[in-house]
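This report concerns only the one structure given below.
Throughout, read-outs are computed from the coordinates displayed, never taken from laboratory work. None of the values given here were measured: they were computed from a predicted structure. Virtual Cβ from ideal backbone geometry, glycine too; neighbours counted across all protein chains shown.
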Amino acid sequence: MNHDQPGGTPLLSEFADDPEMVELVELFVAEMPMKVTSLRKAFDEHSLTDLTRLAHQLKGAAAGYGFPTIGEVASELEGAAKATEDVNRLRTQVDELVELCNRASMAA
């Protein structure tokens, strides 16, 4: 998926204009590639335990850093992984979460 196309617009933190949060949000955004790699690896290795843990961590952190949409999708993925839903549904949810994570940004 090419994230430079329409639909790949930056997803801004609700705290992008909060001077007290800028550094923290920047660190969170900078860690996204590592989080995406971990999510993909857990899915590719069929590790539902890791996938559940990673989604849970992202669910909590995303809301705290002003990315509620990422948190909501991570929550859905966490539930699906716990329920060991079919692999196609999990793939779709991982792809959706990865796409949102790749769009997380501090600036438009």
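Structure notes:
- Electrostatic dipole magnitude of the chain [Cβ: Lys, Arg +1; Asp, Glu -1; Cα centre; debye, to 20]: 380
- FRET efficiency, ASP18 to GLU72 (Cβ-Cβ, R0 25 Å, nearest 0.05): 0.75
- Counting neighbouring Cβ atoms within 10 Å and putting the fewest first, the residues MET21, MET34 line up as MET34, MET21.
- One equal scatterer on each Cα of the chain, no solvent, Debye formula: the resulting log10 I(q)/I(0) at q = 0.11 Å⁻¹ is -0.32.
- Positive dipole terminus of the chain, leading residue within VAL29, THR49, ALA16 (C-beta point charges): THR49
- Here the simple spin-label model places points 7 Å from the Cα toward Cβ, and for ARG89 and GLN57 these points are separated by 2.5 nm.
- The stretch 21-105: relative contact order in percent, alpha carbon pairs under 8 Å with at least 6 residues between: 35
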